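Below: the structure, in structure tokens.
Since every read-out is calculated from the coordinates, none of them should be taken as a lab result. Model, not experiment: these values are computed from the prediction. Methodologically, a virtual Cβ is constructed for each residue, glycine included, from the backbone with ideal geometry; neighbour enumeration extends over all protein chains shown.
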Amino acid sequence: MDALATALPALGEAWALILQPVVLGYLVLGVVMGLAVGVFPGLGGIAGLSLLLPFMFGMEPVLGLALMIGMVAVVPTSDTFASVLMGIPGSSASQATVLDGFPMAKRGQAARALSAAFTSSLFGGLVGALFLTLFILVARPIVLAFGLPEMLMITILGLSMVSVLAGRVALKGLAAAGLGLMIGTIGEADAGGSLRMATYDIPYLTDGLQLVIVGLGIFAIPEIVSLLRQDRSIAKDAKLGSGWMDGVRDWAANKWLSIRCSLIGVLVGVIPGLGGSVVDWIAYGHAVQTTKDKSNFGKGEIRGVIGPESSNNAKEGGGLVPTLLFGIPGSGSMAIFIGAIALLGSGDIEVGPNMLRDNLDITYSIVWLLALANVVGTLLCIAASGGIARLTTIRFTYLAPFLFMLISFAAFQSGQNFEDLLALFAIGLIGIFLRRFDWSRPAFLIGFVLSNPVEKFSNQAFQIASFRFRSSFAEGMDYIFSPIVIILIVITVVSVVLGIRQAKTIMAEGDVKSGSKRAPIVFLLVIAAYLVTALINAQMIPDYNLTDKIVPLVVGGISLLCCLIILGQMMLRPETDVVFADKEIAGEDADAPYGLWSTLAWFASLIAGTFLFGFIIALVGFMLSFLRVRAGAGWAKTLILTAAGLAFMCLMAGALNRDFPPGLLQDAVDLPWPLN
């Protein structure tokens, strides 16, 4: 009662603060900036908030908060444009949306998919704000109840989604997840500092691969190359489909799914360290598990859009709980948010218990600014969705060079190294072959995303549990099998059982067109060879760094076993079995007028030109040659589109204060910006 009596006056003061016209103006400005940043693949909230940091010094607290909350709240909404229209994850929180949103765009239902996504995002954001209001009063014991075993089980629950997203051959999905986990362990281990699949002679690999690069490589590159080979618009029939009201009706018909996925988003957001990289996959897996007819998932199922989009916006409200209550950032963007709050006003605002005690009105202002930002952002997105959806009717050959330009720029920003582009190309090649041979790309990405949490939580939990077992067996068991852990184990087991049942159903879909066994077997052997190499590398780590070798050895061993079983199946089964699926024989790419390697060579030429001459000069040459030769455009159109792309790139880099990849030419010549 005392807490409620304190909260009610603070709520009134919060509304008085945020309903000032100048505050609402800053909120709308933040929303517009967030929409602009979210549209560009790979940038996201971290880049957007980094852009705002220089302006936070001494700013009136409520104005600075309005600006930042406006941006943070709508990035998970606006990143849907890239996911649905281009098949490119706008950020780590919109990866699952690609699976069904992009196929809907291909069918000419882009406007329907976007409006359903935006409505779900609005609802999820409001649920997140509502729960944040309640959690400020009651969440402290809930957050503190999650120790290392509980966080490890949440991570394992995320991995259990692999059983749902494994595809037609469950073992392929498990092996793909294991491959993603093993690639995620590349570099210097957090616990003991051992190098895995890397040497100090290649400094780039010591830091591991960035999620932005892996996400773009696994999803964006394969889809861009596939559409470019087919030389048509994204939507085959070049129709926009039904208007945005149909998407709203889709959400209304699936409102209970949206409610459940919003609650999932809040729960995952509350736990520091997980956030957007896993929440959409858990929500997508839940949508699949709770749907009777699962055959349409991955082909344009509207529930596959509503579930993830409801959760990723609700996650923002949940992520503010540990941020505001304990000063523990729930994600990278929340870490920047904490730093920015310290710069506001006279610097006397400090997140954590002190903020709840001394600035409760500011705390509730953040809550309701979050709700208002979701409303404003969603309305703007819905209003623009019909016009933006027209991008799907443009011949893709005209869009491809701009997409190659954007993803190259976004990949470079992850580490500011030219090697980022090489890594993007290499991971893109892996993604192309995973897609071709029907290996689950979502499973691979889940494995990569969760590689660090799995290793960190398991190592730390093992060390603490060992200490407690030495004191008392009962104490050790109580630490490992807490009530929360037991509940999460039950949920995980149910998820796996339902996933296996679904996999058996999908396996019964039928045979594939007869082709050659050679290509699928060769790809399998390449994966197995990498796993063997990684296992040997892990085995060579000294025993005193056991924590650095145990996860790669266990995961690599299980993945290699899956590969060997698949190899045995390939030896015994006919060429028409689903294990030999090959999109070059039967699928979207079977009748493509352009070949894979000739198409991929265009992207390779942009990277090679960047290495020699720098990104801007290479981009000019790439766009001129691509539009003139590959697209067959006239000189006037070629020059106009090239100039537009170049101007856009320079404008965005200047606004975000970002650099372009340099080239060897700069070692000899001091070039002016933007050529430097």
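Could you line up 583, 255 from fewest to most neighbouring Cβ atoms inside 10 Å?
Numbers: 583 18, 255 14.
Least crowded to most crowded, the residues run 255, 583.
I want to check the label-to-label distance for residue 292 and residue 522. Put each point 7 Å from Cα in the C-beta direction and report it in nm to one decimal.
Once both label points are built, they end up 4.6 nm from each other.
For a footprinting-style exposure proxy, rank 563, 650, 261, 381 by other Cβ within 10 Å, fewest first. The partial results should precede the final answer.
Numbers: 563 24, 650 15, 261 32, 381 27.
In order of increasing Cβ crowding within 10 Å: 650, 563, 381, 261.
Going by C-beta contacts inside 10 Å, put 309, 301 in order with the fewest on the left. Present the calculation step by step, with values, prior to reporting the outcome.
Details: 309 38, 301 22.
Arranged by neighbour count, lowest to highest, 309, 301 become 301, 309.
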